[in-house]
Structures are given as structure tokens and as C-alpha cells.
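Here's the structure we're looking at; comments come further down.
Nothing in this text is a laboratory measurement; each read-out follows from the coordinates by a stated rule. Keep in mind that what you see is a predicted model, and the values were worked out from it rather than measured. Please note: Cβ atoms are built from the backbone with ideal geometry, for glycine as well, and neighbour counts cover all protein chains shown.
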Amino acid sequence: MSGPRHFLDLDRLDAGTLRGILDRSVACKRAGGAARPLAGKALAMIFEKPSTRTRVSFERGIQQLGGAAIVLEPASSQLGRGETVADTARVLSRYVDAIMIRTTSEEKLLEMAEHASVPVINGLTDRTHPCQLMADVMTFEEHRGPIRDRVVAWSGDGNNMATSWIHAAVRFDFELRLACPGPLGPPKEMLDWAAAEGGRIVVTPEAEAAVADADAVVTDVWVSMGDEEDAGARARHNLLRGYQVDDRLMSLAKPEAVFMHCLPAHRGEEVTASVIDGPRSVVWDEAENRLHAQKGILLWCLA
Ligand code: CP
Ligand code: NVA
């Protein structure tokens with residue numbers, strides 16, 4: 001094989017590979033964790049943005065597989081004093097077996113991958129969040145069966161989660177309906193890619209139209225990490241108010257439709273408490289599945 005097995009984005013991997021990772025994640029969940037296939041291996045995790053789930057699920061995941069994790073943050077490492085991502089990649093590659101990075105920009109992720117001689121995993125960028133989607137597809141399938149040919153509706157900001165849902169829709173072959181306000185739609189190049197791949201992606205400003213008879217309803221925060229300093233936060237709220245997932249919107253989906261959210265959530269903004277804490281919400285299983293999904297990803301990267 002040429003070069004390390006990076007897990008950078010779902011569009012860079014083929015459907016068979018992604019299905020294989022998912023199968024391993026499901027197997028890890030079923031097995032419970034007596035095996036130690038990653039004994040002696042170490043994962044470095046770089047966090048330029050906050051994290052609860054990604055950090056704990058990767059650290060716990062590699063521990064349960066027999067390995068160890070080391071966390072680096074810019075403020076307490078030389079990254080914060082201007083050491084380049086490329087040099088950091090070269091150095092970390094001499095110490096650890098894989099690097100996970102949550103970063104402010106896609107460019108840094110790609111720079112890390114270019115200069116690392118070990119696998120690099122995307123733990124979220126401003127553009128995408130592929131690890132989350134592995135857990136999300138796994139969660140949907142646990143509750144609703146195969147996702148192929150099903151309908152997933154997104155209501156909200158066309159952010160890094162929406163874009164990874166676009167990648168997932170193409171790779172796992174389901175219909176994705178994105179209801180976003182015009183100025184906050186997903187990037188055009190992402191939609192062009194999906195169209196060229198034959199993806200079934202519909203973008204509409206109408207939340208009701210997107211959700212009608214859907215098998216899952218998904219949303220995410222109105223203000224993502226990195227958007228905070230944006231003076232337009234209030235404007236975002238105004239644009240997104242009509243996209244809140246509430247009981248009325250959920251009632252338009254299939255009766256057995258599930259509600260999903262990557263978390264953290266803001267009750268009363270993108271979703272009401274009655275929906276996220278209600279019987280159709282699978283958000284806690286979704287959060288748990290981050291742990292199992294990370295194991296599938298680590299096992300694939302370090303195979
Ligand atoms: N969903 C998710 O990535 O959560 P964290 O930001 O807590 O890692
Ligand atoms: N869109 C959110 C996802 C958090 C997991 C953000 O980037 O802040």
C-alpha cells in the first residue's frame with residue numbers, strides 16, 4: 001500500500017471501505033472489548049477547538065483496544081507558538097502511530113496528512129465532521145435498518161455536519177433533503193460533487209417539504225465553533241428560527257422517524273426540549289456510538 005491510511009473525509013474513501021469500517025464498529029460494540037488489537041499503539045490528538053465526545057470517545061476507544069492517547073492543545077504545545085503543522089506532523093510521526101486533529105481549517109488537516117508518515121484522522125474541521133457521520137449512520141441503522149434508499153431530512157445551518165451528511169448520502173446511497181435558509185446553504189462545490197457522483201440531494205428553503213415522510217430528522221447548532229466571533233451570530237439566529245425541529249415538524253416525518261443531533265445541543269434554538277428529550281430521539285445512542293465508530297476507524301487506519 002502506498003502511504004498511510006488517512007481518514008480525512010468520506011468523499012475520499014469508497015463505499016466498500018466505509019461499509020467495512022462500519023461493520024467493524026458494529027462488531028466492536030457487540031464484542032464489548034476483551035481483545036487488545038492495538039496494544040502498544042499510541043494516538044496523538046490535537047484539539048484547536050473544544051470537544052467532549054470526540055476527545056473522550058477516541059481516548060477511551062484506543063484504551064479499550066489496548067493502546068494509549070496523548071492530547072495536545074495549541075496553548076500548551078509549540079503549535080501555539082508558531083511551530084508549523086508540517087513540522088508537528090513530522091515530529092509526531094516519530095512518536096505515535098496515528099494523529100487525530102480537530103482544527104479550524106481544512107488546509108491544516110491536509111497539511112498534517114501531507115507531512116505525517118502515520119495515519120491522520122479528521123476530528124472535525126470548519127468544513128466537515130466525518131467521524132460523527134460514521135456514528136450517525138451506525139445509529140440510524142441500529143434503529144431503522146439499512147440506510148440505503150431511505151430519506152434523511154436536515155433542517156438548519158448548512159454547516160460542517162450538513163456537508164458530511166452530503167458525503168454520507170452519496171457513499172451510503174440514501175436520499176438527503178437539506179432545508180437551509182438561502183444564505184446558509186451548503187457549499188456549492190459540495191453539491192456539485194454529489195451531483196457528479198449521482199447523489200440524491202435536495203436543497204430547499206422549506207423545512208416542511210424536506211421533512212415530509214422522512215425516516216430521520218437531523219439538525220445541529222445554529223452557531224458552530226469558530227462562528228462565535230462572527231458579528232452575524234444574531235443574524236444567523238434570525239435566519240434559522242424557522243428551521244427549529246419541534247413537535248410540529250417531527251409530526252410531518254414518518255411515525256417511526258428518529259431524531260438525531262451530533263451534540264452539543266441548544267434546547268430552545270435548533271431543537272425543542274420535547275423533541276430531543278422525547279421518545280423519537282436517539283441522541284444518546286448516537287453519542288455512545290462515537291466510541292464504537294472511533295474503534296472501527298482506528299482499526300482500519302492502523303490495520
Ligand atoms: N459531536 C461532537 O463532535 O462533539 P464534541 O464537540 O463534544 O466532540
Ligand atoms: N457544527 C458544530 C458541530 C460540533 C460537533 C460545530 O462545528 O461547532
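Overview of values
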{"read-out": "Number of the exception - Asp220 against (1) within 16 Å of ligand 1 (Cβ to nearest atom); (2) in contact with a Ser or Thr (Cβ under 6 Å, 6 or more places away or on another chain)", "value": "(2)"}
{"read-out": "Matching residues, the stretch 211-230, being within 20 Å of the chain's Cα centre (by Cα) and either at positive phi or away from ligand 2 (no atom under 16 Å from the Cβ) (or both)", "value": "Asp215, Ala216, Val217, Gly226"}
{"read-out": "Options Arg30, Arg55, Arg19, Arg24: the member that is charged (D, E, K, R) and within 16 Å of ligand 2 (Cβ to nearest atom)", "value": "Arg55"}
{"read-out": "Entirely in the stretch 234-303, the helices (runs of 4 or more DSSP H) that have 1 or more residues that are closer than 30 Å to Gly66 by Cβ", "value": "283-301"}
{"read-out": "Members of the stretch 107-128 found to be within 16 Å of ligand 1 (Cβ to nearest atom) and under 20 Å from Glu73 (Cβ atoms), listed by number", "value": "Leu109, Ile121, Asn122, Gly123, Leu124, Thr125, Asp126"}
{"read-out": "Residue count for the stretch 148-194, restricted to those that are of a type in the set (A, V, I, L, M), closer than 18 Å to Val137 by Cβ and more than 18 Å from the chain's Cα centre (by Cα)", "value": "1"}
{"read-out": "Hits in the stretch 211-255 (condition: farther than 19 Å from Thr272 by Cα and among the hydrophobic types (A, V, I, L, M, F, W, C))", "value": "Met225, Ala231, Ala233, Ala235"}
{"read-out": "Residue that is nearest to ligand 1 (Cβ to nearest atom) [pool: residues in the stretch 5-61 that are basic (Lys, Arg) and more than 16 Å from the chain's Cα centre (by Cα)]", "value": "Arg60"}
{"read-out": "Exclusive hit being among the aromatic types (Phe, Trp, Tyr) and either surrounded by fewer than 24 Cβ atoms within 10 Å (Cβ to Cβ) or touching a Gly at 6+ places or on another chain (Cβ under 6 Å) (or both), set Phe174, Phe140", "value": "Phe174"}
{"read-out": "Filter result (crowded, with 21+ Cβ neighbours inside 10 Å and either more than 17 Å from the chain's Cα centre (by Cα) or not basic (Lys, Arg) (or both)) within the stretch 98-107", "value": "Ala98, Ile99, Met100, Ile101, Thr103"}
{"read-out": "Total residues in the stretch 232-263, condition hydrophobic (A, V, I, L, M, F, W, C), farther than 23 Å from Ala135 by Cα and within 23 Å of the chain's Cα centre (by Cα)", "value": "2"}
{"read-out": "Matching entry among Arg280, Arg200 (being within 21 Å of His167 (Cβ to Cβ) and of a type in the set (Lys, Arg))", "value": "Arg200"}
{"read-out": "Residue within the stretch 288-296 that is over 15 Å from the mean Cα position of the chain (by Cα) and surrounded by 13 or more Cβ atoms within 10 Å (Cβ to Cβ) present", "value": "no"}
